[in-house]
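Shown next, in structure tokens, is the structure this report addresses.
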Protein chains: 2
Amino acid sequence: MHTPPGPLFTDLYELTMAAVYHAGGMEDSACFSMFVRDCPGRNYFVAAGLADALEALESFRFSEEDLAYLKGQGLFTGDFISRLERFRFSGSVRAIPEGTLFFPEEPVLEVVAPILEAQILETYLLNTIGFQTMIASKAARCVHAAAGRGLVDFSLRRTQAADAGMKVARSVCIAGFDATSNVLAGSTYGIPISGTMAHSYVQAFEDEETAFATYAEMFPDNSVFLIDTYDTLQGAEHAARVGRRMKRQGRRLTGVRLDSGDMVTLSRKVRDILDAAGLPEVKIYASGSFDEWKVAEAVAAGARIDAFGVGTALGVSADAPYLDIVYKLVRYGDRNVRKFSSGKATLAGEKQVFRRTDPAGLWQEDIIGARGEELPDSQPLLLPVMEAGRRRGNGPSLPEIRAHFHNNFGCLPARYKSIDRRLKYPIRISEGLRRLQ
Amino acid sequence: MHTPPGPLFTDLYELTMAAVYHAGGMEDSACFSMFVRDCPGRNYFVAAGLADALEALESFRFSEEDLAYLKGQGLFTGDFISRLERFRFSGSVRAIPEGTLFFPEEPVLEVVAPILEAQILETYLLNTIGFQTMIASKAARCVHAAAGRGLVDFSLRRTQAADAGMKVARSVCIAGFDATSNVLAGSTYGIPISGTMAHSYVQAFEDEETAFATYAEMFPDNSVFLIDTYDTLQGAEHAARVGRRMKRQGRRLTGVRLDSGDMVTLSRKVRDILDAAGLPEVKIYASGSFDEWKVAEAVAAGARIDAFGVGTALGVSADAPYLDIVYKLVRYGDRNVRKFSSGKATLAGEKQVFRRTDPAGLWQEDIIGARGEELPDSQPLLLPVMEAGRRRGNGPSLPEIRAHFHNNFGCLPARYKSIDRRLKYPIRISEGLRRLQ
């Protein structure tokens with residue numbers, strides 16, 4: 001779960017191509033450039049997944065078992081198998097740091113290495129950076145929609161298998177979520193964990209009020225009662241009675257949770273019930289099919305909701321469940337190369353992304369340039385993160401990445417943050433890169 | 001990657017509820033029932049993921065590290081932590097076997113165990129069975145659409161993180177895919193692997209024909225040339241020249257692959273080029289944004305495609321990227337329980353699903369009954385797979401599950417196989433189950 005899946009986690013063609021490169025002595029250095037072509041419904045992307053990618057590159061080794069399996073396929077020469085046995089990633093990587101926003105067509109990562117090495121890594125790099133970037137980008141939209149209200153990741157039961165559940169918790173934390181229900185993510189990444197009870201808990205008691213009171217005895221400082229198992233407003237009354245008793249004992253009911261029905265109307269009525277019971281401090285949580293649009297709607301309609309649990313739609317990025325992210329050869333030896341396939345053309349050459357900011361600190365435009373170009377009054381986004389197969393330093397901590405995202409998101413002009421309006425951020429190609437084509 | 005993620009892979013509320021059950025001595029046996037509520041665009045589901053689920057149940061143990069983390073949260077008593085230390089799953093499981101088709105509202109799995117045990121497992125069971133079932137169901141639609149043409153899983157780079165890539169390869173193999181590009185899935189599950197070259201390979205050579213010829217030298221019996229890097233028809237001419245040389249040497253070019261453009265027109269022209277070159281045995285593979293609809297369209301339009309590589313849309317089930325699968329308490333102690341939340345009501349009591357078949361061997365209807373009921377002329381689908389925390393036998397092999405799916409799919413009346421037409425398979429509730437409510 002916590003370790004990279006190893007070198008067999010790849011498409012077979014990465015290995016067959018590598019075999020030809022090896023046999024032909026094609027050991028020249030290549031540059032592969034990774035970028036997102038475009039994505040319906042997304043004005044920006046939040047870079048994520050680099051920490052995993054670099055860990056995988058550094059620890060990339062074929063085990064004896066791996067080699068035995070490959071040998072058994074009858075495809076490869078003994079000489080190539082020996083080459084794989086010695087395989088270590090010896091190349092360099094430049095990347096846009098995690099938590100930084102970027103846009104379609106901009107390289108988010110470039111690998112420079114002997115072509116065999118750079119090729120074999122393709123599948124894993126696309127998989128891990130693509131998925132985490134997609135989820136962080138979805139989460140940023142939810143954070144924007146929540147307009148300051150709390151957000152908790154409730155997606156674990158519906159993520160696409162186990163590893164995704166872990167990566168979702170980390171990626172949404174980067175983009176500003178406050179907590180996750182995923183205990184293993186809490187333990188692995190140090191993310192705050194959150195959660196109290198399900199409907200089954202309430203049903204396991206003869207009546208709802210007893211269920212709440214029993215819970216409060218066990219967790220007097222961390223009780224959020226789920227009030228919709230039978231009838232939400234009656235549930236709120238039961239919660240209020242237990243909350244009042246807790247208050248008399250010097251305790252405090254943390255909140256109640258709505259999980260079905262018309263959240264706007266219910267939240268107002270529940271707020272009234274709690275306030276009338278002298279419990280204005282008790283918060284209202286809401287969960288159940290939320291995504292950025294439903295959060296924005298609830299906020300706009302004046303729902304009295306203090307925090308949202310967002311699950312499935314976030315955890316699978318339901319409206320855009322994949323990114324068209326690609327990893328393209330742009331240089332081999334001293335030859336800059338490009339592809340012409342219909343609808344899939346690529347720009348040749350190693351690149352840099354330059355970002356220009358206006359005097360108020362908001363971004364104006366990005367320029368995709370050639371690596372090594374210098375553009376005045378702009379900040380280069382691709383930074384060296386690995387050299388000769390070793391990471392440069394430990395990389396930022398998760399709280400540092402989260403803070404970096406927060407600062408970054410503040411520099412994106414508000415119009416690009418819209419969850420509905422498609423708006424293309426201005427990007428142009430530098431003169432230097434144009435000349436390379 | 002190959003081992004279950006362990007007991008912390010759960011929502012926090014599963015543990016807080018368990019803590020209350022433990023403190024209150026609530027050790028009565030509970031039954032939880034797992035079913036899919038409904039899914040837009042799906043007439044049927046293919047059960048998958050049970051092998052993983054049972055392995056996880058059998059090996060479910062809190063490690064010292066897990067317990068230290070939980071202790072550090074300051075939520076739980078020492079007594080409850082000790083209970084977790086002793087935790088073993090001691091319950092029983094009945095389930096619809098992998099590869100069997102089932103329908104909305106039908107329980108696909110039921111767990112009977114002390115409520116604390118059954119509760120903690122919820123998150124993992126939903127995650128693993130939900131995802132694999134979703135993918136196997138999507139794959140069955142592709143297999144139906146391909147109408148006998150070959151299908152290869154090309155999804156690895158776009159699956160939602162690493163674990164999903166593995167589960168996709170296994171789930172689509174169950175539903176009839178022939179091979180996967182995922183080498184680790186080949187090694188782990190024994191699935192045939194497939195793949196030859198990417199555009200970057202062709203670009204790494206000065207010209208396309210040299211790229212093909214060099215590949216053919218290395219893999220004389222396993223060459224599929226990717227012909228769209230520059231111009232597909234020219235690519236076909238280059239492939240044909242190399243293919244003819246191979247033929248003169250007593251070798252055989254396996255195929256060519258199209259990856260962009262109008263596949264119907266191109267496949268016909270490429271077929272003509274290959275046939276004119278005396279290479280009618282060379283197959284045409286196609287990849288690039290295929291899903292069940294595009295496969296069906298290509299087949300209907302008479303594309304000369306022998307096998308399809310299906311990637312992203314399959315690997316994330318793009319049109320329906322999550323299943324509304326739930327795990328509901330239906331009995332606690334001797335009390336059958338149900339939920340009334342608006343739009344989320346559940347049926348009380350332990351269940352059985354009975355299937356009736358007509359004299360021609362096609363399914364007529366399913367009846368959701370109470371466990372223990374006997375309905376004449378019908379086959380019960382939920383079978384005992386675990387007792388007292390131990391699996392009953394080793395379970396079927398992947399080829400056996402695949403064969404079982406194939407037989408099962410043959411019994412589904414053709415009208416339910418439509419990829420476009422929504423049609424509800426007839427399901428009713430037995431008298432016995434009705435009386436329980």
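Read-outs throughout are calculated quantities, based only on the coordinates presented, and are distinct from any laboratory measurement. Note that this is a predicted model, so its numbers are computed, not measured. Cβ placement follows ideal geometry from the backbone for every residue including glycine, while neighbour counts extend to all protein chains displayed.
For B:ARG331, what residues show an amide H to amide H distance below 5 Å, using hydrogens built from the backbone and excluding near sequence neighbours?
When sequence neighbours closer than 5 places are left aside, the close amide H contacts are B:CYS31, B:VAL337, B:GLY349.
Can you list the chymotrypsin sites (Phe, Trp or Tyr not before Pro) in region B:338-437 that are in a DSSP coil and have 14 or fewer other beta carbons within 10 angstrom? Numbers along the way, then the final one.
Numbers: sites: B:PHE340, B:PHE354, B:TRP363, B:PHE405, B:PHE409, B:TYR416; in loops: B:PHE340.
Filter output for region B:338-437: B:PHE340.
With each label point set 7 Å from Cα along the Cα-Cβ vector, what nm distance links A:GLN234 and A:THR77?
Output for this residue pair reads 7.8 nm.
Quick one: what are the phi-derived ³J(HN,Hα) couplings along region B:389-398, Karplus 6.51/-1.76/1.60 with θ = phi - 60°, whole Hz, x for glycine and proline?
Result, ordered by residue: x, 10, 5, 7, x, 7, x, x, 6, 4 Hz.
Take the alpha carbon gyration tensor of region A:350-437, find the square roots of its eigenvalues, order them as a ≥ b ≥ c, and report rounded if a/c is under 1.5; if not, report prolate when a/b exceeds b/c, else oblate. Mind dumping the intermediate values first?
Numbers: a/c = 2.02, a/b = 1.06, b/c = 1.91.
It is oblate, given that a/c is not under 1.5 and a/b is not larger than b/c.
Convert 20 °C to kelvin, take the viscosity as 1.002 mPa s, use the Kirkwood radius over C-alpha pairs of the protein assembly as shown as Rh, and evaluate the Stokes-Einstein diffusion coefficient in µm²/s, rounded to a whole number. Could you put the intermediate results ahead of the total?
Working: Rh = 28.6 Å.
Translational diffusion coefficient: 75 µm²/s.
If you look for lysine pairs in region A:147-315 that are eight or more places apart or on different chains, how many of them have Cα atoms under 26 Å apart? Walk me through the numbers on the way to the answer.
On the way: A:LYS167/A:LYS294; A:LYS247/A:LYS269; A:LYS247/A:LYS283; A:LYS269/A:LYS283; A:LYS269/A:LYS294; A:LYS283/A:LYS294.
Lysine pair count for region A:147-315: 6.
Given contacts defined as C-alpha pairs under 8 Å and at least six residues apart, what's the relative contact order of chain A, whole-number percent? Present the calculation step by step, with values, prior to reporting the outcome.
Values: 848 pairs, mean separation 94.9, N = 437.
Computed value for chain A: 22 percent relative contact order.
Roughly how many nanometres apart are two label points built 7 Å out from the Cα toward the Cβ at A:SER418 and B:ASP275?
5.3 nm
Using the 10 angstrom Cβ neighbour count as an exposure proxy, how do B:THR346, A:THR133 rank, fewest first? Walk me through the numbers on the way to the answer.
Working: B:THR346 19, A:THR133 26.
Fewest-to-most ranking of B:THR346, A:THR133: B:THR346, A:THR133.
When the convex hull of the C-alpha atoms of chain A is computed, what volume per residue in Å³ does it have?
168 Å³
Treat the count of other C-beta atoms within 10 Å as a stand-in for reagent exposure and order A:ILE174, A:ILE325 from fewest to most. Working shown, then result.
On the way: A:ILE174 26, A:ILE325 23.
Ascending Cβ contact count within 10 Å gives the list A:ILE325, A:ILE174.
Which shape class, rounded, prolate or oblate, goes with region B:388-433 when its Cα gyration tensor gives a ≥ b ≥ c as root eigenvalues, a/c under 1.5 marks rounded, and past that a/b bigger than b/c marks prolate?
Values: a/c = 3.32, a/b = 1.33, b/c = 2.49.
It comes out oblate by the Cα gyration axes.
Provide the per-residue ³J(HN,Hα) series for region B:224-236, in order, calculated from phi with Karplus coefficients 6.51, -1.76, 1.60 and θ = phi - 60°, each as a whole number of Hz, with x at glycine and proline positions.
Working through the residues one at a time gives 10, 8, 7, 10, 10, 4, 10, 8, 4, 6, 4, x, 5 Hz.
Of B:THR159, A:THR3, A:THR123, how do they rank once you tally other Cβ atoms within 10 Å and put the fewest first?
In order of increasing Cβ crowding within 10 Å: A:THR3, A:THR123, B:THR159.
Please list, in order along region A:320-325, the HN-Hα scalar couplings obtained from phi with the Karplus expression 6.51 cos²θ - 1.76 cosθ + 1.60 (θ = phi - 60°), rounded to whole Hz, x for Gly and Pro.
8, x, 8, 10, 7, 9
For chain B, set up a Gaussian network in which alpha carbons nearer than 10 Å are linked by springs, and say which option among B:SER200, B:SER29, B:SER171 fluctuates the most.
Ranking B:SER200, B:SER29, B:SER171 by mean-square fluctuation puts B:SER200 first.
Which FRET efficiency value, to the nearest 0.05, is calculated for B:ALA68 and A:ALA403 with the Förster distance at 25 angstrom and r the Cβ-Cβ distance? Spell out each step's value before the answer.
Values: r = 28 Å, r/R0 = 1.12.
E(calc), rounded to 0.05, equals 0.35.
Could you please state, rounded to a whole Å, how far the C-alpha centre of region B:168-212 is from the C-alpha centre of region A:30-94?
15 Å
For B:GLY309, what residues show an amide H to amide H distance below 5 Å, using hydrogens built from the backbone and excluding near sequence neighbours?
Here the answer is B:VAL152, B:ALA286, B:SER287, since their amide H atoms fall under 5 Å of that of B:GLY309.
What distance in nm separates the two pseudo spin-label positions at B:ARG241 and B:ARG86, each 7 Å out from Cα along the beta-carbon direction?
7.8 nm
Sort region B:116-169 into rounded, prolate or oblate with this rule: let a ≥ b ≥ c be the square roots of the eigenvalues of the Cα gyration tensor; rounded if a/c is under 1.5, and if a/c is not under 1.5, prolate when a/b is larger than b/c, oblate otherwise. Don't skip to the answer; put the middle values down first.
On the way: a/c = 4.73, a/b = 2.00, b/c = 2.37.
The shape class here is oblate.
To the nearest 500 deg cm²/dmol, what mean residue ellipticity at 222 nm is calculated for chain B from DSSP H runs of n ≥ 4 alone, each contributing -39,500 (n - 2.57), summed and divided by the residues? Spell out each step's value before the answer.
On the way: 16 runs with 169 residues, N = 437.
Here the helix-only value at 222 nm equals -11500 deg cm²/dmol.
If you place +1 on the Cβ of every Lys and Arg, -1 on the Cβ of every Asp and Glu, and leave all else neutral, what size is the dipole of region B:145-315 about its Cα centre, to the nearest 20 Debye? Let's see the in-between values first.
Details: 19 positive and 21 negative charges, 89 e Å.
The calculation lands at about 420 debye.
Between B:GLU27 and the same site in the other copies, what are the distances in nm, shortest first, taking label points 7 Å from Cα along the C-beta direction?
6.8
For B:SER289 and B:GLU374, compute 0.36 nm times the residue count separating them, minus their Cα-Cα distance, and round to one decimal in nm.
Details: separation 85, 0.36 × 85 = 30.60 nm, distance 4.76 nm.
Additional length available on full extension: 25.8 nm.
For B:GLN73, which inter-copy label distances result when the label point lies 7 Å beyond Cα on the Cα-to-Cβ vector, reported in nm to one decimal and in ascending order?
In nanometres, ordered from closest: 4.2.
Please give the average number of partner chain Cβ atoms lying within 10 Å of the Cβ of each residue in A:24-30, rounded to a whole number.
Other-chain Cβ atoms within 10 Å of each residue's Cβ, averaged: 2.
If r is the Cβ-Cβ distance from A:LEU383 to A:GLU27 and R0 is 22 Å, what FRET efficiency results, to the nearest 0.05? If you can, show how the numbers build up before the last one.
Details: r = 27 Å, r/R0 = 1.23.
After rounding to 0.05, the efficiency reads 0.25.
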